[in-house]
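Heads up, the thing below is written out as structure tokens.
The values are calculated or read from the model by the stated rules, or taken from the named source; none is laboratory data. Please read these numbers as outputs of a predicted model, since none were measured by experiment. Positions of Cβ are backbone-derived with ideal geometry, glycine not excepted, and every protein chain shown enters the neighbour counts.
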Amino acid sequence: MAEVVLDKVTKVFTTFKKREKVNVTAVNHLKLDIRDGEFLVLLGPSGCGKTTTLRIIAGLEIPTEGKVYIGNRDVTKYPAKERGIAMVFQDYALYPHMNVYENMSFGLKNLKFPKEEIKRRVETAARILDIEELFDRKPKGLSGGQRQRVALGRAIVRQPQVYLFDEPLSNLDARLRIQMRAELKELHMNLKTTSIYVTHDQIEAMTLGNRIVILELGTIQQIGTPEEIYNKPSNLFVANFIGTPPMNFFTCGVSRDDDLKFVFENGKKISVPNTLKNKLQDFMNKRITLGIRPENISLEKGKNSVEASVTSSEFLGINVLIHFKVGEERGTIYMNSEKATSIGAGSKIPLLFDPDKIHVFDPETGKNIGLIK
Amino acid sequence: MFKLIKRNYVYNEWFWAYVFLAVDLAWSTLFLFYPMIKGVIYSFQDIQLQNISNPHFIGFKNYINVLTDPDWWHSVKISALYTLGVVPMGIIIPLTISLLLAHFRRSIRDFFKAAFYLPGVVSAVVMAMTLKWIFDPMAGFMNWLFSLLGLPTQLWYSGTSEALFTLILMNWLSSHGFNILLYSAALDRIPKSLYEAAEIDAASSWRRFWKITWPLLKPTTLYVLITSVIGSFQAFGGAFFITHGGPMKATEFLNYRIYVTFYQFGQYGIAAAMSVLLMLMVIAVSLLNFKIMGSEVEY
Amino acid sequence: MKRSLGIVVALLLALVIMSSALVFASTDTITALLPFRPNTPFGAYLGQVFNLFEQTHPGVKVKWISGGSWGDYIKKLGTMLGARQGPDVAYGNANYLFVPGRGAGLASADSLTIPDKYFTKDERLGMGAAVIGSLSIPGRGIVVWPWHLYIGGISTMIANEDMLREAGFDPNNIRKNGWTTKQFLELGSKVVKDLNGDGKPDRWLFYPVNSDHMRIGIFPIYLSKKRPLEEQWTLDYFFDTRTGKLKDPELLHQAFQYLYDLVHKYKYAPAAAVSKSMGDASDAFLRGELAFVANGPDYLSTVKEHNRLVLEGLRKGKVIHAGVIPMPYLDAPDHEAIRPGLAVYGFYNFKQNPYKGDEHTKHVMEFCDFITNITFQPILAAEGFMSPDRRLFATRYAMAANLYNTNDPSIRYWLNDMRNNALPSFSQYACVGFTKAFRDAKGKWFGDSFIPALEGMIAGKLSADEAFNRVKVAAEKLPYPRVNKDKLPAIIKSINQLVEEEKEESKMFK
């Protein structure tokens, strides 16, 4: 078990396009401390550099700049096998010509472990994962979930200092994914080994991670617990990326009548919550982006309510997701489906924002103005 | 009848499937199966140039004739030696080249693949003539090179003990293009993540080759093995274009012997029996290959 | 039900396709397989003759299949015969029709019969030995008149006369008086040279390639021995046709030693050339690297073409003056100068059945009459088809039967001479009729023992003694060539009858 530290890691890929050399920066001066025993999730859209970061930690890529430490050891130049890590691949990367037992024992054999020890470890791992019955089968004869378990088992038998997961659940169907997610979580709680997990699925990230790192264009957007990420998005990107359906955004001006007010495009003014008043001083008469999650809007008429017109609605069971427009800006809210029967396209509804949950972003830098100290 | 067909079949894909299959079947019946069956019939007949108008069945006499002929067994030996010389290299060389090529970027790889394949596109005669010149014992490139390096010049295909090896050498030098394409394609098909997994599993590059690459290339290797065994058992070009089976029958391959028996001795029945025996041999060797290699192959 | 109907329809369709592929056009076509190319002077001449035939015989078409090289031609002929799709008319001498390859054997005596009823006496006289030769192929009873003279390549070779003169030899003198193997070696010492100074010769007497090593290295010793006429005419150089034993083992041994010495003792022929082809040897001859090549006289036209290209600057190289030279003879008491033999070539009909009056066979016979019509012969001579060389070397060994009617006195004289001397040899044909078993075994002996032993010897793997012993041991294993004794008297009788008629006929010229 060990900590993993990335110190200003940069990775530049050189490719050729029409015989022209093109440099692509996949990871840009990344600084990251991963604590011992932590389950850290690297989250971001595809192409954000999360997989490259994981591969740098694994030793499958050598960083262009910067250093990688695992357990206080500088392993930047070490080959993968000397880093004490185990990796679970997106396509599982099971050796198709070996049976399950051989797949799981391959690494230990390479490390010249005694036979009895290999047997003990493989059987233990298999018991944990409930795949003892499958030893003689080849990967071709396994279901997706079973393959996933074998891939996990192969990592477990190594008893590594760090587990690396590269989108391991993305090839499973939705139901299996939920089940495996729970099992992974349980596994981590039992093994308590540092784990780094790459995914583009925010639900996986939220449910699995002790902390989540949100990456975009090779740089860290935010590091935090799931709650922090959800409730205190550090910038527009994070706010937009996390949450389904995403946060609603409205472009507003800030003006002072009797009190500090947000001015909507359609002229409607609502009061700025007290917590934000100080921070917004600098934005007087400037445009800001107001963000609020759908669940923080209630359909009540009041002094601070904004009128919206419904464009369509989606029935989701208990709730109905209502799409609306304020001026030209679109948004969504949830509504209890029983209450929503009378609401159809074209109806006018009042939106009342929970003042504590309003986020304000600087449209130029994207920063969450409320978090600036 | 027409109406029936029109209503039910003209737009029925099964009907058209049979029509197209029928064309193919007629074609192969006419040009493949008929000559093959005819050949087998000839092998049981006394038929030769001198009594072509009067063939008659003589049972297994042709086969007995062939199997008791020491020259036939000499040719079997020559063909077997040639196969032993050619086939392992026919796997090692293309595999090595493909493995080396895998490290280059695509455009370079494609260039080399095309370059290696080019000799296969050139007509066999041109190829044979070029190789003949390279190994010419009197004015050839190889002997020029040897004398430049201060080595004794060789007789190459003109020497009784060197001729077979020279033909094997020519094969090593010239006929790997297609197998390189096969191996390159097969290597491309192996997921990169398997190597990464193996790297993390602490497998040395040697073990990565033997435990990942080699087993996953087995279907390709089996294919290459069988086609090259068949090909080298039926070797003919070198003997026909370069050595004429000589000197002193040093390169008289089975196929060349069949050719000589048929066209030069005019003994059609015996040549047909030889062909059938060669076919049986090739089938037997292929089955053996399947048995040895095929058991572990994942298709 | 539906599907099975589909299968039936499909199978019917397959049958229709197959049968239509097998249907042939039903117009009467005479196929002629000839080794001449239409774009040569003689080819053009033949084309005109064929056109004339088609014009005078409406409804009959001549299909001319041209073979490439002589080897290709023989192969093509063998293949067509093998497929029982023999042409109506082909061109060649009897020996080639028997065995188109290295196993030189003749047909079984069992089948040697003469169907008199199909030919008039004049026709048979005209056809000469070739009749008997071709008749010995069962089922192929019809032959038309031979009329093309050709010098047998076995007794001659093509020489680079420039080299001969340079070494002080007069080619014309050799042609007239012959020359000895001793002289041949003396020539070798002057011709074989290292011209570019790399310590290795780059000019040789000849390449010991297949057929050249036989002709230049073996036959001179064998052919120059004085023998009774009938023995000379057996057409088998190595075997006694009566006993099936090697005819003259000591001489064959000597011939092996002679070839061995040429290659290994004197080094006048490069051992390394053993696996090269005749084509390589011919090319080397054109490059001026060889003094001799054992090609037929038709090779002279290739040399002529080479010279034209060189003179017109289209090819690099030197003009080569080449000519036909007889083989050297062994300098021993019982040997004499070799006189080049003349072979007879003609057009043969290969239809399986003898003439039975059907239309097609009638057309073929008419066609053969037409193309060999005596009125065309002067045209042949005028076209240069028969070169003066060829006449020069005509000897008593040759026959050109139907040419005797020509009005040219000189031709008439030597043709007559040939007839008188050659015709008695008819009796020998009965003797070359081996049994089929022996013929097969002999063909195999030649291909599997004789040639490989020679090659082994040239390649330096075997000494002359070892090579000869191999050949001898293999020859001893051949089965006894028992001719069908019941048929033999009848055969000999009919041949003798023919000879008698031939003699009577020849008296007219005296």
Test: residue in segment A:114-124 that is of a type outside the set (Phe, Trp, Tyr), crowded, with 23+ Cβ neighbours inside 10 Å and closer than 26 Å to residue A:37 by Cα: yes
Qualifying positions in segment B:242-277 - of a type in the set (Val, Ile, Thr) and within 11 Å of chain C (Cβ to nearest Cβ): B:242, B:243, B:251, B:260, B:261, B:270
Index of the failed condition, residue A:86 passing every other in (1) within 11 Å of chain B (Cβ to nearest Cβ); (2) part of a helix (DSSP H, G or I): (2)
Extreme residue, farthest from residue A:55 (Cα to Cα), among residues of segment B:205-219 that are modelled with pLDDT under 90 and more than 10 Å from every other protein chain (Cβ to nearest Cβ): B:219
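Criterion first (in contact with a Pro (Cβ under 9 Å, 6 or more places away or on another chain), at pLDDT 80 or above and surrounded by fewer than 17 Cβ atoms within 10 Å (Cβ to Cβ)) does residue A:275 satisfy it? Lay out the reasoning, then the answer.
Numbers: in contact with a Pro (Cβ under 9 Å, 6 or more places away or on another chain): yes; at pLDDT 80 or above: yes; surrounded by fewer than 17 Cβ atoms within 10 Å (Cβ to Cβ): yes.
For residue A:275, the condition - in contact with a Pro (Cβ under 9 Å, 6 or more places away or on another chain), at pLDDT 80 or above and surrounded by fewer than 17 Cβ atoms within 10 Å (Cβ to Cβ) - is met.
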Failed item, numbered, when residue B:202 is tested on (1) aliphatic (A, V, I, L, M); (2) surrounded by fewer than 23 Cβ atoms within 10 Å (Cβ to Cβ); (3) within 14 Å of another protein chain (Cβ to nearest Cβ); (4) in a helix (DSSP H, G or I): (4)
In segment C:218-236, the residues that are closer than 16 Å to residue C:336 by Cβ and at pLDDT 70 or above: C:219, C:220, C:221, C:222, C:223, C:224, C:225, C:226, C:227
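Results for (1) surrounded by 11 or more Cβ atoms within 10 Å (Cβ to Cβ); (2) more than 16 Å from residue A:248 (Cα to Cα); (3) in contact (Cβ under 8 Å) with a residue 40 or more places away in the chain; (4) in contact with a Lys or Arg (Cβ under 9 Å, 6 or more places away or on another chain), shown as yes or no for each residue.
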residue: A:293; (1), (2), (3), (4): yes, no, yes, yes
residue: A:305; (1), (2), (3), (4): yes, no, yes, yes
residue: A:314; (1), (2), (3), (4): yes, yes, no, no
residue: A:319; (1), (2), (3), (4): yes, yes, no, no
residue: A:335; (1), (2), (3), (4): yes, no, no, no
residue: A:342; (1), (2), (3), (4): no, yes, no, no
residue: A:355; (1), (2), (3), (4): yes, no, yes, no
residue: A:359; (1), (2), (3), (4): yes, no, yes, yes
residue: A:363; (1), (2), (3), (4): yes, no, yes, yes
Hits in segment C:32-61 - residues which are farther than 28 Å from residue C:302 by Cβ, not basic (Lys, Arg) and not in a helix (DSSP H, G or I): C:57, C:58, C:59, C:60
Failed criterion for residue B:80 (all others in (1) outside any loop (DSSP other than H, G, I, E, B); (2) modelled with pLDDT under 85; (3) among the small types (Gly, Ala, Ser) hold): (2)
Candidate set: segment B:1-56, residues that are surrounded by fewer than 17 Cβ atoms within 10 Å (Cβ to Cβ) and β-branched (Val, Ile, Thr); chosen: the one modelled with the lowest pLDDT: B:5
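Here's the yes/no breakdown for (1) of a type outside the set (A, V, I, L, M, F, W, C); (2) closer than 18 Å to residue B:199 by Cα; (3) away from chain B (no Cβ under 13 Å); (4) assigned to a helix (DSSP H, G or I):
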{"residue": "A:96", "(1), (2), (3), (4)": "yes, yes, no, no"}
{"residue": "A:107", "(1), (2), (3), (4)": "yes, yes, no, yes"}
{"residue": "A:119", "(1), (2), (3), (4)": "yes, no, yes, yes"}
{"residue": "A:127", "(1), (2), (3), (4)": "yes, no, yes, yes"}
{"residue": "A:133", "(1), (2), (3), (4)": "yes, no, yes, yes"}
Residue under evaluation residue B:193, criteria (1) part of a helix (DSSP H, G or I); (2) touching a helix residue (DSSP H, G or I) at 6+ places or on another chain (Cβ under 7 Å); (3) at the interface with another protein chain (Cβ under 9 Å from one of its Cβ atoms); (4) of a type outside the set (Lys, Arg), criterion not met: (2)
Pairs, first part of a helix (DSSP H, G or I) in segment A:170-181, second of a type in the set (Asp, Glu) and crowded, with 18+ Cβ neighbours inside 10 Å, C-beta under 8 Å, six or more apart: A:177/A:204; A:181/A:204
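Yes/no per residue for (1) assigned by TED's automatic domain parsing to the domain that holds residue C:191; (2) of a type in the set (D, E, K, R); (3) in contact with a Gly (Cβ under 8 Å, 6 or more places away or on another chain); (4) crowded, with 21+ Cβ neighbours inside 10 Å:
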{"position": "C:287", "(1), (2), (3), (4)": "yes, yes, yes, no"}
{"position": "C:290", "(1), (2), (3), (4)": "yes, no, no, yes"}
{"position": "C:302", "(1), (2), (3), (4)": "yes, no, no, no"}
{"position": "C:313", "(1), (2), (3), (4)": "yes, no, no, no"}
{"position": "C:318", "(1), (2), (3), (4)": "yes, yes, yes, no"}
{"position": "C:332", "(1), (2), (3), (4)": "no, no, no, no"}
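Within segment B:66-91, how many residues are farther than 29 Å from residue B:45 by Cβ and touching a residue at least 40 places away in the same chain (Cβ under 8 Å)? Lay out the reasoning, then the answer.
Step one: filter segment B:66-91 for residues farther than 29 Å from residue B:45 by Cβ, giving B:81-91.
Filter once more, keeping what is touching a residue at least 40 places away in the same chain (Cβ under 8 Å): B:81-83, B:85-87, B:89-91.
Total satisfying the criteria: 9.
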Given (1) more than 30 Å from residue C:280 (Cβ to Cβ); (2) out of contact with any strand residue (DSSP E or B) (no Cβ under 9 Å at 6 or more places or on another chain), number of the condition residue B:61 does not satisfy: (2)
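Taking only segment B:263-283 into account, find how many residues are more than 16 Å from the chain's Cα centre (by Cα), of a type outside the set (A, V, I, L, M, F, W, C) and assigned to a helix (DSSP H, G or I). So that I can check it myself, show each step before the final result.
Filtering segment B:263-283 down to residues more than 16 Å from the chain's Cα centre (by Cα) leaves B:263-274, B:276-277.
Next, from what is left, pick out any that are of a type outside the set (A, V, I, L, M, F, W, C): B:263-264, B:266-269.
Within this subset, residues satisfying the condition of being assigned to a helix (DSSP H, G or I) are B:263-264, B:268-269.
Total satisfying the criteria: 4.
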Any hit, segment B:284-297, residues being charged (D, E, K, R), within 18 Å of residue B:69 (Cα to Cα) and not in a helix (DSSP H, G or I): no
Boolean, residue C:201 is at pLDDT below 90 and outside the structural domain of residue C:451 (by TED's automatic domain parsing): yes
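For every residue, the table says whether it meets (1) within 29 Å of residue B:207 (Cα to Cα); (2) touching a residue at least 60 places away in the same chain (Cβ under 8 Å); (3) away from chain B (no Cβ under 13 Å); (4) within 30 Å of the chain's Cα centre (by Cα).
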position: A:146; (1), (2), (3), (4): yes, no, yes, yes
position: A:150; (1), (2), (3), (4): yes, no, no, yes
position: A:154; (1), (2), (3), (4): yes, yes, no, yes
position: A:158; (1), (2), (3), (4): yes, yes, no, yes
position: A:183; (1), (2), (3), (4): no, no, yes, yes
position: A:197; (1), (2), (3), (4): yes, yes, yes, yes
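Please find, among B:229, B:260, the residue that is under 15 Å from the mean Cα position of the chain (by Cα) and either outside the structural domain of residue B:117 (by TED's automatic domain parsing) or at pLDDT 85 or above (or both).
Working: B:260 fails: under 15 Å from the mean Cα position of the chain (by Cα).
Result: B:229 is the single residue among B:229, B:260 that is under 15 Å from the mean Cα position of the chain (by Cα) and either outside the structural domain of residue B:117 (by TED's automatic domain parsing) or at pLDDT 85 or above (or both).
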